[in-house]
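Take a look at the structure set out below.
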Amino acid sequence: MTNVSSNRQPMKLQTRRTLTAYTFLIVPLLFFISIRIFPTLYAFSLSFMTQDHTSGTIDNYKQLLQDPVFWKSVLNTGLYVIVTVPLQMALGLIIALGIQRVRHFRWFYRMIYFLPYITSIVAVSWVWRLMYDQNTGVFNQILTWLHIPPQGFLGDPNESLLSVSAVMIWQAMGFSMLIFMAGLEAVPKHFYEAAQIDGASKWKMFWKITFPLLNPTIVFLAVTGVIQSLQSFTQIQNLTGGSAANAGGPLNSTLSIVVYMYKNAFTDFNMEYASAITVVLFIIILLVTLIQLRILNKSYEY
Amino acid sequence: MKKKKREIGAVFIHIFLLAGVMIVAFPFIWMILSSLKSISDFYNFSFLPKKIDWSGYQYIFQETEFLRWYWNSIVVAVTVTISCLIFNSLVGYVLAKHRFPGAKIVFILILSTLMIPTEMLVIPWYVMGSDFGWVDTYWGIMFPGLIEAFGIFLMRQFMLGVPDDILDAARIDGMGEFKIWWRIALPQVKPALSALGIITFLGNWNAYLWPVIITATDNMRTLPVGISLFSTADAGGIKWNLIMCMSTMAVIPMIIVFLFFQKRIVEGIAMTGVKG
């Protein structure tokens, strides 16, 4: 804003500026209203409708509460979060610390560990599915060579969720590594020098200096990781779905909330029930986001 | 003495990192090996192809819509990326550098849409797409992603760092507002633009949930959707060699692009992660 002030000109200028701003914003604003806000409201209203759209109802939610398959999908989704998020972060941190310690081949390590993150989830899910295959897969072949009985992996309800999680961790850990590397770079070197003069051990330096300073990075990765695994879909659909098998199987052991939503909406075409499922998912994600804001505000006060 | 100890430590770390590299890279190696096997190698397990068999590649190029899926993915990802770069940076610029009544409301309105999960929107989008006849069209695949709240937020953060002086100087020179954005502001945030371009392209290139919903015929599928449906559709047993050929052709070009632009891609993703 220029402050050259004659009496009328600034006023006029301000109006013109406002007009310019809204000229630039009109298309994006219409977009957000019609492609984001309106559909959100529509999803809510759909979830309160009967399937023939003749009247409002809360039956979808009532049915949801009594639907054991839905609860199974909620439980599984929780398990995905608990299994994948801590492991992908821990592995990412260990690799980042390792790479930080070495002088040679850094770019090579970083490149390889990061590769899974940028490759197509669908393509690599099928590769893993081949490797997991009970009869022809390479994992069982290796187990046989080691004289360990072959495992069911994706075919065994007790192992399937962990098998899917392994693929998710394999893909996400490179991202954690990358963000941790950026976080580690940001730790001031003189902190370590001071600690070294005081005779602190490496172990102690890690827990007293590195770890607390990585706090914002950890919170960021935890939150994005949790939200992402709450939305797990593509891996499950491709690792377990198919003509002979239902996605989310065997026996719904890998079924996530989103896979169940997809099934209801686009296989059974019960859009109203599926909308109710997405509303629940929305509320869960909203809660996670609110908790995040709480923790974030706290953790920056070191 | 101390130096020697550190060198030994470094060797151990290298061994540990190399072991990890082998585990992480193994699926890619296995994918390429498998794509060169003939189907019998899958049922009588063999580690390496007994005889290198290129016929799978020939088959996917000649007998399936694979190249068409490739083309579709390129069209969709490139168009959406260009649209996002233009609109996100424009809105980010206006929100960062213009003061006008309602600016805060607009910002909050846009930012609040970040909390809405895509999963909640796909059903309304699908209903909308069916009503307007957008099912099975490029427009149908692309429209939800053309402008994006996270990108706007990111661009705003970077635009805040553009000094007001140079913008005002341009105004005094009589440059129009549109031109100021294009000629003065945008060149100042080039690193952020390239980061945004990379994550937008990657996200759309790999997108699965929405394209699988909105496409209906084989020749409108994007690459991930095409591979997924080709792989699950066949009732007569999974054609592993063909699927591995498709996966290889989908993954290897991406890896090559990544190798060329490694520094930029990695920094871009780290930048958006840290700033966001």
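Values in this text are rule-based calculations from the coordinates and carry no lab data. From a predicted model like this one, the values you see are computed outputs, not experimental measurements. All Cβ positions, even for glycine, are placed from backbone atoms using ideal geometry, and neighbour counts span all protein chains on display.
Please list 3J(HN,Hα) in residue order for the stretch B:243-248, calculated via the Karplus relation 6.51 cos²θ - 1.76 cosθ + 1.60 where θ = phi - 60°; whole Hz, with x for glycine and proline.
4, 5, 4, 5, 4, 4
Please name which of B:Val212, B:Ile269, B:Tyr126 has its Cα lying farthest along the dipole of chain B towards the positive end, using unit charges on Cβ (Lys, Arg +1; Asp, Glu -1) and the Cα centre as origin.
Positive-most Cα among the choices belongs to B:Ile269.
Enumerate the lysines that B:Lys51 could reach by cross-link, defined here as Cα to Cα under 26 Å, with residues fewer than 8 away along the same chain left out.
B:Lys37, B:Lys239
What list do you get for B:Arg221, A:Arg110 if you sort them by fewest beta carbons within 10 Å?
Working: B:Arg221 25, A:Arg110 20.
With the sparsest Cβ surroundings first, the list reads A:Arg110, B:Arg221.
If I model a spin label as a point 7 Å beyond the Cα along the Cα-Cβ vector, how far apart are those points for A:Thr18 and A:Ala200 in nm?
5.5
Residue by residue through the stretch B:208-219, which ³J(HN,Hα) values in whole Hz follow from phi under the Karplus form 6.51 cos²θ - 1.76 cosθ + 1.60 (θ = phi - 60°), with glycine and proline marked x?
In residue order, the calculated couplings are 10, 4, 6, x, 6, 7, 8, 9, 10, 10, 4, 8 Hz.
Quick one: helix B:66-97 against the long Cα principal axis of chain B, what's the angle to the nearest 10°, folded into 0 to 90?
Once rounded, one gets 20 degrees.
Step through the table entries A:Lys189/B:Lys5; A:Lys202/B:Lys4; A:Lys204/B:Lys263, compare each Cα-Cα distance with 28 Å, and write down the pairs that go over it. Please list the in-between numbers first.
On the way: A:Lys189/B:Lys5 22 Å; A:Lys202/B:Lys4 17 Å; A:Lys204/B:Lys263 33 Å.
The answer is A:Lys204/B:Lys263.
With chain B treated as a Gaussian network of Cα nodes joined by springs under 10 Å, which of B:Thr200, B:Thr222, B:Thr137 yields the largest mean-square fluctuation?
B:Thr137
Which one, A:Ser55, A:Ser232, A:Ser45, has the greatest fluctuation when you compute a Gaussian network model over chain A with C-alpha springs under 10 angstrom?
Maximum among the listed residues: A:Ser55.
Among A:Tyr260, A:Gln88, A:Gln100, whose Cα lies farthest out toward the positive end of the dipole of the stretch A:66-299, if unit charges sit on the beta carbon of Lys, Arg (+1) and Asp, Glu (-1)?
A:Gln100
Given H placed on each backbone N at 1.01 Å, which residues far from A:Met49 in sequence or on other chains put an amide H within less than 5 Å of it?
A:Thr57
Given springs between every Cα pair under 10 Å in a Gaussian network model of chain B, which of B:Met115, B:Met31, B:Met244 has the largest fluctuation?
Residue with maximal mean-square fluctuation among B:Met115, B:Met31, B:Met244: B:Met115.
Using the alpha-carbon atoms, what tilt in degrees (0 to 90, nearest 10) does helix B:190-205 show relative to the longest principal axis of chain B?
In chain B, helix B:190-205 runs at an angle near 40 degrees to the longest axis.
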